[in-house]
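Worksheet: one structure, shown below.
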């Protein structure tokens, strides 16, 4: 029959109907049937040199597009190479469908080539169980259609996240009629997300209106729900200051008059103090994670739940398990952030049509911004070389258009950006939060550029993070992607080196040979870039960075800028429990190395 096709061909047809335009992955003998089907499809296969590159790129791609990305993996080593990127996506609630090849069904129990078999037969999919929302093993070809449909629905609904569809290679090649795929063709593409009822919305609005010092605390759930406009409208109506978690960075423009900034260990004193003094904290789409909450110690970021604490919590999240997990909650509601805020805006305008004015708070925020910028001016304009990290961030912000997409990694490029780098287009910063995976940023930039080809994309990354997977340059060059990788090169795993130096007085295993001025037999990142066919430049003075950034943007070429940097610690005002573990009873943090 004309509609009889291999399962691999049916899968590609299914992906086309879901308007999937890119699949990220790497070949193997178990998945080449799918690659053969993709060869005649408008879907582009993004070929990489390491599966972790594929999963990180797919992660960032999904963040920008706002729907599930697709990864195609080989069995065993391919799937385990992919795992770090998939787990990173899982901890940041990023929707992803991983399709992996596996051993043939007729070899179950025989321990064939590359099978994971030390404890049980045909159990490869179990590797992903701790971090995916669900892992399916497809044992019958006619079940593929409904499993794929369930996979996309589950990945994108509720608290989003990755799923695994594990497929024995003989099933990819089995020829079946299209009946099972036609049966689901008319199924809904996306599930309707839960919202608030008016009664709950009125209770929340009334509580906020009657509070003396309310604070909205937003997390990455705002960005996942694409709810920045709704949040802005609600904030403008109620005039409530907004603090955010690391993953909530960019939920509103950082120059909005009511944005306080990031909380926690790397938060500013303004933000942490505002949260400490709040009588009501209205949390939306956040999990109150450790670093954002100063390890939940009272007196640093939040005073919630302790004896005599006056702060009450209202918490809206799509996932019930997050509500009340770390702090007691007075009003908890399970809802999508975008849908909930739409109801809250309407109810707030009905209840308080004239809105509110908080000129004292607006003035306080404005004054702090001026003072903070002034206190940072010397470092942000310093001609010292190797460069001050503050100068690198200041010049990068000056060079980039407002809607540029920035991928960060770990270290100064994550913590410093969260604290003192203005994001001027909501959703334009992509950060590894929950897993804090070193090496996310460089391949993440590939996914971001493919999802938004008309926007400038820049990866801020340390030399440690860039060294994780420089082979992503091969993919960027092959696809001619105009991406800039700015390597903040302190010749060290800088954050950990500063931590070790502060607590143990040495930097063993955390710094590289030589110095940042003269690394000994170290990699030349500009030379590595040129070897892959990209542009590469090592910055030789502080004043050279800004023109080099502008030239790289104008060139439209994949470009690596190697920027020597002094390893100063990111300033902190919060607390982190690890400091007490290393140096109990002492006030010790990070130091320069």
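Each reported figure results from applying straightforward, stated rules to the coordinates on display, with no laboratory input. Keep in mind it's a predicted model, so treat the numbers as computed, not measured. Positions of Cβ are backbone-derived with ideal geometry, glycine not excepted, and every protein chain shown enters the neighbour counts.
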Quiz item: Which of the peptides 304-310, 398-404 is most tightly packed, and how do the rest follow, going by the mean number of other Cβ atoms within 10 Å of each residue?
Solution: 398-404, 304-310
Quiz item: Which percent of Cα pairs goes in each bin when the distances of segment 96-241 are cut into 10 angstrom slices starting at zero?
Solution: 9, 27, 24, 16, 13, 10, 2
Quiz item: Which shape class, rounded, prolate or oblate, goes with segment 330-450 when its Cα gyration tensor gives a ≥ b ≥ c as root eigenvalues, a/c under 1.5 marks rounded, and past that a/b bigger than b/c marks prolate?
Solution: oblate
Quiz item: If each residue's Cβ is checked for other Cβ atoms within 10 Å, how do 327, 525 rank with the fewest at the top?
Solution: 327, 525
Quiz item: How big is segment 145-221 on each of its three principal axes, counting only the C-alpha atoms and giving the largest first in Å?
Solution: 67, 24, 10
Quiz item: Radius of gyration and Dmax for the chain's Cα atoms, expressed in Å?
Solution: 24.8, 76
Quiz item: Beyond 23 Å, what percent of the Cα pairs of segment 397-494 remain?
Solution: 18 percent
Practice problem: Report the Stokes-Einstein translational diffusion coefficient (µm² s⁻¹, integer) for segment 59-113, Rh taken as the Kirkwood radius over Cα pairs, at 20 °C with viscosity 1.002 mPa s. | Solution: 172 µm²/s
Quiz item: What is the extension gain from residue 517 to residue 67, computed as 0.36 nm multiplied by their sequence separation minus the C-alpha to C-alpha distance, in nm to one decimal?
Solution: 157.6 nm
Self-check item: Coordinate range along principal axes, alpha carbons of segment 22-133, Å, largest first
Solution: 43, 35, 21
Quiz prompt | Percentage relative contact order, segment 254-413, counting C-alpha pairs under 8 Å, at least six apart | solution = 16 percent
Quiz item: Normalised by the number of residues in segment 442-504, what is the relative contact order in percent for Cα pairs under 8 Å and 6+ residues apart?
Solution: 39 percent
Exercise. Assuming R0 = 41 Å, can you tell me the calculated FRET efficiency for the pair residue 175 and residue 527, based on Cβ-Cβ distance, to the nearest 0.05?
Key: 0.25
Quiz prompt | Simple spin-label estimate for residue 555 and residue 106 in nanometres, 7 Å along Cα-Cβ | solution = 5.4 nm
Practice problem: Would you please give the FRET efficiency between residue 119 and residue 357, computed as 1/(1 + (r/R0)^6) with r the Cβ-Cβ distance and R0 = 56 Å, to the nearest 0.05? | Solution: 0.30
Self-check item: Footprinting exposure proxy for 314, 323 (fewest neighbouring C-beta atoms within 10 Å first)
Solution: 323, 314
Quiz item: Between residue 49 and residue 279, what length comes free when the chain is fully extended (0.36 nm per residue of separation minus the Cα-Cα distance, one decimal in nm)?
Solution: 77.6 nm
Quiz prompt | Contour excess over end-to-end distance, with Cα ends at residue 372 and residue 477 and 0.36 nm allotted per residue | solution = 33.8 nm
Quiz item: Between residue 32 and residue 209, what is the label-to-label distance in nm when each label sits 7 Å out along the Cα-to-Cβ direction?
Solution: 6.8 nm
Exercise. Please list 475-481, 86-92 highest first by mean number of surrounding beta-carbon atoms within 10 Å per residue.
Key: 86-92, 475-481
Practice problem: Would you work out the relative contact order for the chain, in percent, from Cα pairs under 8 angstrom that are 6 or more residues apart? | Solution: 13 percent
Practice problem: Report, to two decimal places, the Cα Rg of segment 198-363 normalised by 2.2 N^0.38 Å (N = number of residues). | Solution: 0.92
Self-check item: Cα-Cα pairs of segment 381-582 separated by more than 29 Å (percent)
Solution: 18 percent
Practice problem: Could you compute the FRET efficiency for residue 4 and residue 455, with r as their C-beta to C-beta distance and R0 at 35 Å, rounded to 0.05? | Solution: 0.25
Self-check item: Two-decimal log10 I(q)/I(0) for segment 307-346, as the Debye equation yields it once each C-alpha is a single scatterer, q = 0.17, 0.23 Å⁻¹
Solution: -0.49, -0.76
Quiz item: What 222 nm value per residue comes from the helices of the chain, counting each DSSP H run with n ≥ 4 as -39,500 (n - 2.57) and dividing by all residues, nearest 500 deg cm²/dmol?
Solution: -11000 deg cm²/dmol
Quiz prompt | residue 198-residue 331 pseudo-label distance in nm [points 7 Å out on the Cα-to-Cβ vector] | solution = 1.6 nm
